Amino acid sequence: MVEFRGIAINYGTQQVLENVTLRVNAGERVGIVGPNGAGKSTLFQLITGSRQPDKGEVVLEGRPTVGYVRQHLAPAHDDETLLEYAMRGVPRLHDLEAEIHALQAALETAGENRDRLLRELGGRQTEFEHLGGYDLEARVKTALGGLGFSNDDMQKPFRVFSGGWQMRAELTRVLASIPGLLLLDEPSNYLDLPAVEWLQRFLKSYEGTLLLISHDRYLLRSLTDITVEIDACTATRYNGPLDFYLRERDLRTEQLVQAKANVDRERERLQRFVDRFKATATKAAQAASRVKQIERLEDIRLPKRSQAAAHLRIAPPPHCGAEVVRLENAAFSYDGSRNIFEHLDLSLGRGDKLAIVGYNGMGKTTLLRLIAGTRAPTTGTATLGHHVQPGYLSQEFAETIPPEITVLEAAKRAAPNLPERDLRTQLGSFGFGADDLIKPTGVLSGGEKIRLAFLRLFLAPPNLLILDEPTTHLDLEGRAALERALSTYPGTVCIVSHDVEFVRAVATTILEITPGATRFFHGNYDYYREKTREKEVQESRSSGVQNGEASSPRSKNQSSSSPPSAISSKDLRRAKAALREKHLPAIRKVRARVEELENEITKLEAKERELAAELAAPPEGYDYAAASKSLHAARHQLHVLALEWEERSTALSGLEKKLAEEEQLLELA
C-alpha cells in the first residue's frame, strides 16, 4: 500500500529522517509513536505529496483515496453551514450530482441520443452510489452527533464555531468520505471523553488502511495492531500493538545502550593509541590504521527518550485541613441569563482525586476555575479549606510564559528566592539539560512548554492540584510519567482530561456534567462507565415498555391492585421446568453459534498473525500482493465474524436474562 524507500528529510541543518525504509501493507492498522518533533507528521506530508523527500522515494500502490486529518483546516465558504462543510469531504460527489441533474434534464428532450444519455446516467449513478453519495448526509449527521454537535448546530454557519469545534467538523469530513487510506494526526486533541469513545467505536468498524499518529494509549491499544516508532532519525516497525511495542522497545533500547557503550569504549581505546603514537615515526602507520578503524565503527544513536529520560516529580504537598474545597448550591452564568450549571454541591477531602467529565461546553473548565478561585460563582458559594494552596494549570498556561525569555529565566521568575543551583537541579528533573536552559521559551515544543509549566507550578508546592487537559501536548513517556506522579501524590487532585487511560489510572471519583444535571460516581472511571451503561439499558427498557414493546408480567384480566395468588412448591417446580423447556432450545442454539464463532475467530487471528509475520520478514521471491490480499481478506472476515459474535452474544445474554427474570417472577408469585 505505502512504501518508504531510503527516505531522508532535513529542515535546514537539522536532520529529521535518515535512510528510512518502511512498508505499510493494505488493511493494516498502524500506530505511529515517538517523541514530539521526531518527524511523525512528516511521514503524512510525504504520503500526501505536500513535502518531497531530500533523498529516496515514497511509493503509493493502487492509488487509494486518501483521507487526512491535518493540523490546518480546509477553507470554508462564506455562508457555508456546518452540515455543508462536513459533506464536502468527497469533492467528486458534488461534480457527479451536477452531472446527474444535467443528464436527467437532457433526457426530457432527448431524441436519438436517448440510449447514450441513459448509459451515461447509469454510469454516473453507479459511481455516485459507489462513493456513498446516497447515504452521505446520514453518515455525516451521525458523525457530527457522535462528536458532540446538536441538531440545531447543523444549519449554523461553520465560521461561528471555535477552532476546536471546527477541527471536529474536519474530522467528520474525512471519516464520512470512507477513504481507502486514512491518516489521522492526533485526532483526540480537540475531543472530550465521550467524543473520544465515539471515535474509537467508529474507527473499530473502518475497513481500510489506518495510520494513526497519537499519544492516546486508549486509541492505540484498541485500534492498532502494528506500531511504528519514529525516533533518532529512523523508523522502526514492531509487528504488534502498543503493549507489544513497549515491551520490545525496552529490550531493544537495552541492547542499543550496551552496544553503544561497547563501541564508545573501543573508540576511546583506539583514539588513545592514535593520540599517543601519531607523532612517532615508527608507529605512524599503525596510528593511521587505527584512524581508519575508528571511521569504520558504527555510529549508534540512542532514542531521544532514553537521552532525555526524566521522571516528573511532584513536591510533597504542605499540610492542610481535612476538607479542601466546598461548593454549596453553586451556579455560574457568563451572560447573566443562562446558567452553565446550577444547584451544584461539591466537597473534596484531602487526598481525593476527582475527574470532571462531559461534552465540551458543559462547564468543566468553568468549574475548575471556581475551584481554583480564579472565578466566583454567580450564585452560591465556593470556599477553600484551612491552609489550602491551589495550583491551577489551565489549558493556556504554557502560552502565558513570555516567548523571549530563556528557560532558566522562566524558572527564576516563578521562584525568585530559590538558588540557581537548586533551580538547575529542578529543571534537570523535568528533562531540561544544560543546553536547554539558554533556549528562548518561544522555540520550545508543546511538550517542553507543558513540562516547563509544571515546573513553575511545583516550585511553590500546592496541596490542591487543578489540571485542565494536562496531557494534550505530552508524548507517551510524558503521560506515563505524569500518571505515575499523580497516582502516588498524597495531595488533592482535580482534573479535566480527554485521555481515557490517564483518567482511568488517576481518578478515584467522577463528576459527570450533562445538560441540566450533575452526577457523582464514587469510584474510578471503569465504575462510572459501568453505571452509565446500566442507566442507558434501563432507559432503553423503559422506552420499550412505553412504546408497547414489552408487556406486563401480570395477566391482562388481573387487577393491578389485587395481589397475585401464591402457588405450591410442586406447581412452582413444574412451572420452572416448563419455562426451561420453552427457552433452553433457543439458548442452546445461540450458545452453540457463539462457541462456533469464537473458534473461527481464534483460527483467523492465528492466520492473521502468521501472515503479518511473513510480511514483516518475507522470504526470497515472496508475493507481497497475494499476501496483502489474503491478510486484508482475513481481517475483513474477522470484522464480520466479530460483529456477528457481538450480536449473538448480546442475544444469548438477553435470552438467559429473560429466563432468569421469568423464574424470579414465578418465585415471587
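Measure out, as a whole number of angstrom, how far apart the alpha-carbon centroids of region 584-610 and region 480-522 sit.
When both Cα centres are located, 38 Å separates them.
Let me make sure I get this right: for region 323-530, a, b and c are the square roots of the gyration tensor eigenvalues over alpha carbons, sorted descending. Under 1.5 in a/c it's rounded, otherwise prolate if a/b > b/c, else oblate. Which is it?
Prolate is the answer for region 323-530, as a/c is 1.5 or above and a/b outweighs b/c.
Going by a ≥ b ≥ c, the root eigenvalues of the Cα gyration tensor, does region 246-307 fall in the rounded group (a/c under 1.5), the prolate group (a/b larger than b/c) or the oblate group?
In terms of gyration-tensor shape, prolate.
Taking the beta-carbon count within 10 Å as an exposure proxy, list I300, I438, I401, I510 from fewest neighbours to most.
Going from sparsest to densest Cβ surroundings: I438, I300, I401, I510.
Give the residue from Q255, S289, L302 lying farthest towards the positive end of the charge dipole for region 246-307; charges sit on Cβ (+1 for Lys and Arg, -1 for Asp and Glu) and the dipole is referred to the Cα centre.
S289
Can you work out the FRET efficiency for the pair Y134 and D435, with r the C-beta to C-beta distance and R0 = 51 Å, to the nearest 0.05?
The pair Y134/D435 has a calculated efficiency of 0.30.
If you restrict to DSSP beta bridges whose two residues both lie in the chain, what percentage is antiparallel, to the nearest 5?
Approximately 50 percent, going by the DSSP bridge assignments.
Using θ = phi - 60° and the Karplus relation 6.51 cos²θ - 1.76 cosθ + 1.60, list the HN-Hα couplings for region 480-493 in order, rounded to whole Hz, with x at every Gly or Pro.
Residue by residue, region 480-493 yields 5, 5, 5, 4, 4, 5, 6, 5, 9, 5, x, x, 9, 10 Hz.
Return the calculated 222 nm mean residue ellipticity for the chain, to the nearest 500 deg cm²/dmol, obtained by summing -39500 (n - 2.57) across DSSP H runs with n ≥ 4 and dividing by the residue count.
Helix-only estimate at 222 nm: -16000 deg cm²/dmol.
Once amide H atoms are built 1.01 Å from N in the peptide plane, which residues 5 or more positions from Q389, or in another chain, come under 5 Å H to H?
Excluding prolines and chain starts, which carry no amide H, the hits are N463, L464.
May I ask you to sort E620, E127 by Cβ crowding, counting other Cβ atoms within 10 Å and putting the fewest first?
Fewest-to-most ranking of E620, E127: E620, E127.
From the cross-link list K40/K156; K55/K260; K40/K449; K204/K603; K141/K204, which pairs have alpha carbons spaced over 24 Å apart?
Over 24 Å apart, Cα to Cα: K40/K156; K55/K260.
For region 323-530, give me the percentage of DSSP beta bridges that are antiparallel, rounded to the nearest 5 percent.
If I count the DSSP bridges inside region 323-530, around 55 percent turn out antiparallel.
Counting DSSP beta bridges with both partners in region 179-264, what percentage is antiparallel, nearest 5?
Of all bridge pairs located within region 179-264, approximately 50 percent are antiparallel.
Give the long-range amide H neighbours of E186: residues separated by 5 or more places, or on another chain, with amide H under 5 Å away, using H modelled in the peptide plane at 1.01 Å from N.
I213, S214
Taking the Cα centre as origin and putting +1 on Lys and Arg beta-carbons and -1 on Asp and Glu beta-carbons, what dipole magnitude results for the chain, to the nearest 20 debye?
Rounded to the nearest 20 debye, it is 1900 debye.
Order of V160, V500, V291, V20 from fewest to most other C-beta atoms within 10 Å?
V160, V291, V500, V20
What list of ³J(HN,Hα) couplings, whole Hz, do you get for region 163-177 from phi and the Karplus terms 6.51, -1.76, 1.60, once you set θ to phi - 60° and write x for glycine and proline?
x, x, 6, 5, 5, 5, 5, 4, 4, 4, 3, 6, 5, 6, 7
What whole-number value in cubic angstrom gives the convex hull volume per residue for the C-alpha atoms of the chain?
About 287 Å³ per residue, rounded to a whole number.
May I ask for the Kirkwood hydrodynamic radius of region 582-664, worked out over all distinct Cα pairs and given in angstroms to one decimal?
Hydrodynamic radius (Kirkwood, Cα pairs) of region 582-664 is 14.9 Å.
Values quoted throughout were computed directly from the atomic coordinates according to the rules given, and no laboratory measurement underlies them. Just so it is clear, the model here is predicted, and its values are computed rather than measured. As a convention, Cβ positions derive from the backbone with ideal geometry for all residues, glycine included, and neighbour counts pool all protein chains shown.
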